[in-house]
Amino acid sequence: MTLSMDIEEIRNKQGFIVDMDGVLYHGEQLLDGAREFVQWLEESGKRYLFLTNASSHTPLGLRRRMARMGLDIDESKFYTSALATAQFLDSQAPRCTAYVIGDSGLHFALNDVGISMNEVNPDYVVVGETRDYNFDKIANAITFVSNGARLIGAHPDMTSPGEEGIMPAARALIAPIELVTERKAYFVGKPNALMMRTGLRMLGVHSEEAAMIGDRMDTDIIAGIETGIETVLVLTGVVRRSELHRYAYNPTWVLPGVGCIAGYRYSGR
């Protein structure tokens, strides 16, 4: 199948679930073709949702971040692992309490559904990515989990990109707690199908009418496959075409960048 035929099939989808880092931007730099893609989504009347495992930011924070890069995107178009974690806990144990290791996005999401912060005897220990991480917090979490608190990770990413390079993410931060307590965390974010199914409900489309667009095989693409959604791998992030043989599964389509869907031409690709 030619690239043009691939793109036509993708364009015919009614709904798009789109990862952000490595698809739209790196750090604070908008990627080539991202602006054209977002404009195409709007002009074509497509339903779309930007889905991210990053739990640090609120939808308002993400809107402001995108605005700094020159894109005006409504808060309703963002869904984070922090929001997914809050919804999961609210469905499991409404009005429960939690000891949280994470940034403001995770705290706000939990507060918004009525989950109280508890540093004495919490029902849950919840961990997301954060720079505010130290021995005392690990020790507290270990004590609470040993005493019966359930261990939740906002997402299973081991690393995340940072201005200084690769940074530890939720799975890396939760690992000491798992090792000491011998309890396995439950991870809510991608590739957990719970987050993907929520995204589909928010879009109001069936799985066969949607596409998942991402730059990571181990979260974005596998999440789409396990939810029954056709997938688009873009090569602007962490995975190179030459690395695809390492995985036991394939994306439906592989594109140089998300801008291809909007007709943007990538030089040298």
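The values are calculated or read from the model by the stated rules, or taken from the named source; none is laboratory data. Everything numeric here is computed off the predicted structure, so don't read it as measured data. Positions of Cβ are backbone-derived with ideal geometry, glycine not excepted, and every protein chain shown enters the neighbour counts.
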Condition check: touching a residue at least 24 places away in the same chain (Cβ under 8 Å) and either buried (at least 17 other Cβ atoms within 10 Å of the Cβ) or assigned to a strand (DSSP E or B) (or both). Does residue 156 satisfy that?
yes
Can you say whether residue 6 is of a type in the set (D, E, K, R) and at pLDDT below 95, as far as the supplied structure shows?
yes
Go through (1) closer than 18 Å to residue 174 by Cα; (2) of a type in the set (D, E, K, R); (3) surrounded by 15 or more Cβ atoms within 10 Å (Cβ to Cβ) and name the single condition residue 136 misses.
(3)
Residue set 113, 125; condition closer than 19 Å to residue 157 by Cα, at pLDDT 95 or above and out of contact with any Lys or Arg (no Cβ under 6 Å at 6 or more places or on another chain); output residue 125
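Quick one: in segment 1-40, which of the residues that are within 27 Å of residue 204 (Cβ to Cβ), of a type in the set (A, V, I, L, M, F, W, C) and without any contact (Cβ under 8 Å) to a residue 60 or more places away in the chain is surrounded by the most Cβ atoms within 10 Å (Cβ to Cβ)?
Quick first cut of segment 1-40, residues within 27 Å of residue 204 (Cβ to Cβ) only: 6-25, 33-40.
Next, from what is left, pick out any that are of a type in the set (A, V, I, L, M, F, W, C): 7, 10, 16-18, 20, 23-24, 34, 37-38, 40.
Imposing the further condition that a residue be without any contact (Cβ under 8 Å) to a residue 60 or more places away in the chain reduces the set to 20, 38.
Values: 20: 21, 38: 23.
The extreme case among them is 38.
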Which residues, taken from segment 52-87, are of a type outside the set (Ser, Thr, Tyr), buried (at least 22 other Cβ atoms within 10 Å of the Cβ) and under 22 Å from residue 174 (Cα atoms)?
53, 54, 82, 83, 84, 86
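Quick grid of which residues meet (1) more than 19 Å from the chain's Cα centre (by Cα); (2) assigned to a helix (DSSP H, G or I); (3) on the phi > 0 side of the Ramachandran plot:
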residue: 8; (1), (2), (3): yes, yes, no
residue: 39; (1), (2), (3): yes, yes, no
residue: 50; (1), (2), (3): no, no, no
residue: 54; (1), (2), (3): no, no, no
residue: 70; (1), (2), (3): yes, no, yes
residue: 99; (1), (2), (3): yes, no, no
So, in segment 75-95, exactly how many residues are outside any helix (DSSP H, G or I), within 21 Å of residue 197 (Cα to Cα) and not polar (S, T, N, Q)?
4
Does segment 181-195 include one or more residues that are aliphatic (A, V, I, L, M), closer than 18 Å to residue 10 by Cβ, assigned by TED's automatic domain parsing to the domain that holds residue 15 and touching a Ser or Thr at 6+ places or on another chain (Cβ under 8 Å)?
no
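From the list 262, 185, 210, 172, exactly one residue is at pLDDT 95 or above, touching a strand residue (DSSP E or B) at 6+ places or on another chain (Cβ under 6 Å) and either more than 30 Å from residue 45 (Cβ to Cβ) or surrounded by fewer than 21 Cβ atoms within 10 Å (Cβ to Cβ) (or both). Which is it? So that I can check it myself, show each step before the final result.
Numbers: 262 fails: touching a strand residue (DSSP E or B) at 6+ places or on another chain (Cβ under 6 Å); 210 fails: either more than 30 Å from residue 45 (Cβ to Cβ) or surrounded by fewer than 21 Cβ atoms within 10 Å (Cβ to Cβ) (or both); 172 fails: touching a strand residue (DSSP E or B) at 6+ places or on another chain (Cβ under 6 Å).
Exactly one residue qualifies, and that residue is 185.
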